[in-house]
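The values are calculated or read from the model by the stated rules, or taken from the named source; none is laboratory data. Owing to the predicted nature of the structure, the values given are computational and were not obtained by experimental measurement. Counting neighbours? That spans all protein chains shown, and the Cβs are built from the backbone with ideal geometry, glycine included. Heads up: the accessible areas ignore ligands, DNA and RNA and are worked out on the full protein's heavy atoms, side chains in. Shrake-Rupley method; radii C 1.70, N 1.55, O 1.52, S 1.80 Å.
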Amino acid sequence: VGTLVAALATGPASFVLGKLMLGIATSGMLRCPMTLAAKQMAAAKVGLWSGLIRSIGNIGMLLSASPLAFVVDQFGWRAGFWVSAGFGIAVLIAVFALVPRQPAVHADDSSPLHQMAEVLRLGLSRGLRGLIALSLVSLGASLVLRGLWGGPWLMDVKGLSRIEAGNVLGLFTLAMIVGPACIGAFDRKFGHRRTMVAATHAIAALLLVAMAAGAPHFPVSNRFGVAVMPTQYDLVLLILIGLATSAQPLIYGMTRQLVDAQNTGKAL
């Protein structure tokens with residue numbers, strides 16, 4: 001319904017309403033399989049399975065790269081929402097047809113208000129405080145770069161067409177697809193989860209700074225004596241950022257280690 005409201009928007013207010021509905025409706029799409037994996041897997045395996053879930057889930061983002069740019073160029077921006085509505089209906093049918101209905105093993109019969117208060121209590125607890133602070137700038141940074149900031153940066157600052165920008169962001173997405181599964185497998189084999197999460201996020205932050213510093217008349221451009229760094233510079237950095245931020249699913253595994261099974265979903 002949110003997709004249809006956005007497609008039929010007549011101005012900023014109705015468009016924002018559609019986007020709000022989309023945001024609320026899709027909030028549980030990643031949490032549900034993550035929670036199921038966390039409750040059914042041993043804590044040591046959660047990192048691997050969280051990575052696989054993220055990798056498979058990110059495949060869909062390939063559609064919002066060059067294919068979406070082509071649709072918008074040919075048929076207008078509303079067509080992108082109509083196509084998304086069609087995919088949404090297909091997913092709805094597939095879930096009801098293929099995903100088995102599993103009762104909640106640790107059902108919580110308390111009121112929704114009590115459960116929301118429990119989420120806040122967990123979020124402010126000493127054990128999860130650091131992980132939540134990190135997660136606030138982890139997945140969000142890569143999604144904002146991929147879905148909001150990357151396109152205008154490549155088109156307005158670097159002068160690429162919409163299709164060309166989509167191609168670059170498509171390669172960025174491929175890194176976000178390959179990365180979580182690889183890091184999950186690495187975590188399963190070698191461990192050192194805390195060190196890996198800290199190091200990869202620090203590297204990602206430095207890469208983001210390096211990318212921004214390649215803007216016209218900014219330090220990296222000035223250092224190389226060019227008006228603006230070429231697109232290849234951004235492409236390499238985007239791929240590296242995609243790989244570095246792929247350690248984010250390990251946060252789910254660390255969270256699983258800190259809470260009991262009944263509170264896993266709330267903590268995630």
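Between residue 31 and residue 185, the simple label model (points 7 Å from Cα in the Cβ direction) yields a spacing of 3.2 nm. Peptides 25-36, 160-171, 222-233 ranked from most to least packed by the mean count of surrounding Cβ atoms within 10 Å: 160-171, 25-36, 222-233. Diffusion of the chain by Stokes-Einstein, at 10 °C in a medium of 1.306 mPa s and with Rh set to the Kirkwood radius over alpha-carbon pairs, works out to 78 µm²/s.
Surface analysis of the chain yields an accessible area of 57 Å² per residue, using protein heavy atoms and a 1.4 Å probe.
Modelled spin-label separation between residue 115 and residue 202, with each label point placed 7 Å from Cα along the Cα-to-Cβ direction: 3.9 nm.
Charge dipole of the chain (Cα centre as origin; +1 on each Lys and Arg Cβ, -1 on each Asp and Glu Cβ, all else neutral): 560 debye, rounded to the nearest 20. What value, in deg cm²/dmol to 500, does the helix sum -39500 (n - 2.57) over DSSP H runs of n ≥ 4 give at 222 nm once divided by the residues of the chain? The helix-only estimate for the chain comes to -22500 deg cm²/dmol at 222 nm. For the chain, with all protein chains in place and a probe radius of 1.4 Å, 72% of the accessible heavy-atom surface sits on carbon or sulfur. The phi-based Karplus calculation (6.51 cos²θ - 1.76 cosθ + 1.60; θ = phi - 60°) puts the 3J(HN,Hα) values of region 173-181 at 5, 4, 5, 6, 7, 6, x, x, 5 Hz, whole numbers, x for Gly and Pro. Diffusion of region 108-267 by Stokes-Einstein, at 20 °C in a medium of 1.002 mPa s and with Rh set to the Kirkwood radius over alpha-carbon pairs, works out to 122 µm²/s.
Computed with a 1.4 Å probe on the full set of protein chains, the accessible area for residue 19 sits at about 100 Å². Residue-wise HN-Hα couplings along region 254-266, as the Karplus relation 6.51 cos²θ - 1.76 cosθ + 1.60 with θ = phi - 60° gives them from phi, are 5, 5, 4, 6, 9, 10, 7, 4, 5, 9, 4, x, 5 Hz; Gly and Pro carry x. What list of whole percents do you get for P(r) of region 120-213, with Cα-Cα distances grouped in 5 Å bins up to the one holding the largest distance? The percentages, shortest bin first, are 3, 11, 16, 21, 18, 14, 9, 5, 3, 1.
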